[in-house]
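The values are calculated or read from the model by the stated rules, or taken from the named source; none is laboratory data. Source: prediction; values computed, not measured. Note: ideal-geometry Cβ built from the backbone for every residue, glycine included; neighbour counts use all protein chains shown. Just so you know, the surface numbers come from the protein's heavy atoms only, side chains and all, with ligands and any DNA or RNA stripped out. Shrake-Rupley method; radii C 1.70, N 1.55, O 1.52, S 1.80 Å.
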Amino acid sequence: MFRRKHAYHFNSSDAEQRQAKINELKSAFGPLSARGEKYCSEACLIRYLEARNWNVTKSKKMLEESLKWRVAYRPEDIRWNTTSHDGQIRFLVYVLENAILSLPEGQEKMVWLIDFTGWTMAHATPIKTARESTSILQNYYPERLGIAFLFNPPKVFEAFYKAVKYFLDPRSIEKLNFVYLKDEESMKVLYRCIDPEVLPVDFGGRNNVVYNHEEYTKLMLEDDNKTSSFWADDAKPANRVANGTLVADVRPQSSLIAAKAS
């Protein structure tokens, strides 16, 4: 008689099983560049594992693609910029990179508040840009979004959202919340994530802060310095991932993207 083999069931709540998966994913990669090692922290590995339901093979493939993208796109070298389709994408990446560096220690996810007040189809992002944006967010920044609030989207936005929704995975869609200033119940959801004392008056809060572009620019330039310091290359010999294999990483000089902010 043959003894029936018991199927292995992974329990994401089991600390030992989680750590075993993390170690397995970590050992799947050989030597990385200094920047690659900084990027592939344990928290990073966990995010990629969560994005692929703790399947190490799928997580490894996703992380490899992210590392290749980061080598080619060099998001850490983008600076306060932007115009045009490519500029809009790079600015999105720039804001994400800065926001990630500003997260409190131990926090991996973010709350997004996106203002659609006064939005019309004339303001609609080109489908090409929307598709590329969602691809970057989902494939190269997995599990960074905790929850997103779409504030005061007009009725006409529904048509655009239906087109963009096609590019979103179910996990991302579940995190989207439509909130309306005149809808008390939807605003309660927003208040649970953002303290009304912090939330600007325009968004239904009690903070009378006024946007000042000059002051904001100064803050962004300070963040640029922080980013440069964090990602500064060291003297360690570097390798990178290309086509699924590790090859020597010849580092170009850091490119400073300087364009007029929109």
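Couple of notes before you dig in:
- If you check SER255, SER262, SER229 for being modelled with pLDDT of 90 or more, hydroxyl-bearing (Ser, Thr, Tyr) and exposed (fewer than 12 other Cβ atoms within 10 Å of the Cβ), only one passes: SER229.
- Residue tally, condition modelled with pLDDT of 95 or more and touching a Gly at 6+ places or on another chain (Cβ under 9 Å), over the stretch 1-54: 1
- Scope the stretch 142-201; condition farther than 30 Å from LYS128 by Cα and either acidic (Asp, Glu) or not in a helix (DSSP H, G or I) (or both); matching residues: LEU181, LYS182, ASP183, GLU184, GLU185, ILE194, ASP195, PRO196, GLU197, VAL198, LEU199, PRO200
- Extreme residue, farthest from PRO142 (Cα to Cα), among residues of the stretch 164-200 that are exposed (fewer than 12 other Cβ atoms within 10 Å of the Cβ) and of a type in the set (A, V, I, L, M): VAL198
- Of the helices (runs of 4 or more DSSP H) that lie entirely inside the stretch 10-113, those containing 2 or more residues that are open to solvent by 70 Å² or more (accessible area, probe 1.4 Å) and free of Cβ contacts under 8 Å to residues at least 60 places away in the same chain span 15-27, 56-73, 84-101.
- Within the stretch 146-163, none of the residues are in contact with a strand residue (DSSP E or B) (Cβ under 6 Å, 6 or more places away or on another chain), closer than 22 Å to ARG192 by Cβ and open to solvent by 40 Å² or more (accessible area, probe 1.4 Å).
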